[in-house]
1. If one takes the longest principal axis of the Cα atoms in the chain, at what angle in degrees, from 0 to 90 and to the nearest 10, does the Cα axis of helix 40-67 lie?
2. Dipole size in debye (nearest 20) for the chain around its Cα centre, Lys and Arg Cβ +1, Asp and Glu Cβ -1?
3. Could you state the number of Å between the C-alpha centres of the stretch 367-413 and the stretch 43-76?
4. Round to the nearest 10 and give me the degree value, 0 to 90, for the angle of helix 196-211's Cα axis relative to the longest principal axis of the chain.
5. If each residue of separation counts as 0.36 nm, what is the full-extension length gain between residue 153 and residue 318 once their alpha-carbon separation is subtracted?
6. As a quick test, which of the pairs 158/267; 80/229; 80/145; 158/414; 145/438; 225/378 have an alpha carbon distance above 22 angstrom in this structure?
7. If you find the alpha carbon centre of the stretch 198-236 and of the stretch 116-141, how far apart are they in angstrom?
8. Put +1 on the Cβ of every Lys and Arg and -1 on every Asp and Glu Cβ in the chain; which of 46, 77, 190 then has its Cα farthest towards the positive end of the dipole?
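Derivation of every value follows stated rules applied to the coordinates shown; laboratory data play no part. It should be emphasised that the depicted structure is a prediction, and the values quoted were computed from it without experimental measurement. Please note: Cβ atoms are built from the backbone with ideal geometry, for glycine as well, and neighbour counts cover all protein chains shown.
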Amino acid sequence: MNKLQQKISLYGLTMIVAGSCIGSGIFRSPSETAAYLPYNGWMLLAWIIGGLITLTGALSIAELGGMFPHAGGVYVYLRKVYGDAAAFLYGWISLTVIVSGALAAIALVFAGYVSSIFHLNENEKIILSIITLILLSAINILGVKIGNLFASVITTTKLLGIFAVIIIGIAFGSQPLNFHFNFSEFHNSLHPDLGFFSAFGLASIGVFFSYGGFHHASYLAGEVKNPQKTLPTAMILGTLIVMLVYVMSNVSYLKLLPIETIAGSDKVASTAVSQVFSFGSNFIAMLIIVSTFGTISIYSMTAPRIYFALANDGLFFKRIATIHPRFHTPANAIMVQCAIACIILVFWKTFEEVINYIVFVDYLFMAMAVFGVLILRKRLPNQSRPYRTLGYPIVPLIFVGFTIFMLGVNVVQKPEIAISIFACLLIGYLLYKAFGFKGIKNKNPEELDNL
């Protein structure tokens with residue numbers, strides 16, 4: 001009997017949490033945040049609140065991870081709480097929008113920064129993006145230990161690079177950090193029609209895109225050493241690391257640049273470091289290349305465990321649940337995700353607006369999973385919980401409430417995104433009905449880690 005092997009350590013899983021979050025967002029999203037909130041205080045507060053909200057999500061998901069430490073993570077939790085249809089739709093939307101879309105978008109950012117050094121044309125950037133997706137998918141097929149080691153080295157490297165940016169800003173920055181929190185005087189010349197709460201909600205999209213990914217560790221629960229303790233610890237530690245890095249990075253940007261310059265720059269990190277060192281743009285380009293390369297590797301490793309668990313549970317095509325006989329990895333699931341990401345990449349060809357779709361649907365399902373903590377406390381009061389959510393029930397309710405606020409603002413301000421996402425979910429539901437994915441009703445959760 002083939003089985004996913006438990007080889008991932010606490011350090012490795014913590015680096016996966018941090019690496020899943022730290023990709024291209026912190027190098028791009030601060031300009032979007034500044035454009036909606038053109039005041040130092042409000043901009044920095046948005047990143048602090050984003051980190052705290054993300055931490056409430058991690059604290060909540062960690063309880064579910066301790067209860068159900070099986071391959072597929074969030075998929076497993078959704079199925080346990082809401083049933084087969086909701087779990088299938090999460091797998092479907094992850095494959096078609098959330099993860100494959102994020103892979104395509106991040107690969108384009110990676111190729112774009114490689115091009116800033118080696119001057120590639122548009123077709124060459126597309127080819128490089130596809131080669132990168134295939135290469136990193138192949139590495140992750142070779143074994144979870146190899147993929148985990150690779151992810152740990154890359155994440156450690158990019159954390160050191162980002163800390164260098166933080167030190168440069170704090171040591172050499174001369175801009176005053178004038179914090180301004182007056183509601184009555186809030187005005188945005190770039191978006192004059194937006195009130196404060198609408199502006200804050202839209203600014204949160206880029207923030208949450210940057211923080212997104214903390215839950216990817218849960219997909220690997222079936223391959224973690226001592227998962228009941230390791231998974232919750234890694235999710236909390238990783239989220240705290242990311243929050244520290246992001247808040248301090250924004251402080252560095254604000255010390256180096258006026259907020260108007262941050263709002264007008266699509267390469268804010270390069271612009272900031274270039275104020276101090278002439279090689280700043282190339283240094284940041286290399287840092288983003290390493291960062292995005294590592295994130296692609298982690299996503300190629302983690303998310304296919306969703307599709308593996310989905311198929312292994314009778315809710316997707318059976319061959320997706322095949323484990324490679326030699327490398328003990330869900331090879332077919334990895335290859336399918338890679339193929340879809342490549343197709344999306346060829347058709348999209350741009351990064352803009354992609355994050356709005358990804359964040360909308362990703363946090364919709366994250367809110368459902370977090371609310372599941374409350375449901376299961378009532379439904380399964382005697383279930384073993386190696387970790388219990390700190391601050392329950394306030395902590396999960398904060399995450400759900402803020403997510404509803406953010407999604408509500410986007411439905412009002414950008415209704416086309418909500419319409420597109422719900423159309424995609426409808427298509428998935430029709431496929432679910434058409435193919436008759438009934439699930440294996442008598443299957444024990446522990447069998448998700450076995451074939």
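1. It is inclined by approximately 10 degrees.
2. Values: 27 positive and 18 negative charges, 330 e Å.
Result for the chain is approximately 1580 debye, rounded to the nearest 20.
3. 10
4. With rounding to tens, the tilt is 60 degrees.
5. Working: separation 165, 0.36 × 165 = 59.40 nm, distance 3.40 nm.
Full-extension gain reported as 56.0 nm.
6. On the way: 158/267 17 Å; 80/229 20 Å; 80/145 29 Å; 158/414 34 Å; 145/438 33 Å; 225/378 29 Å.
Those over the limit are 80/145; 158/414; 145/438; 225/378.
7. Comparing the Cα centres of the stretch 198-236 and the stretch 116-141, I get a distance of 26 Å.
8. Most positive-ward Cα: 77.
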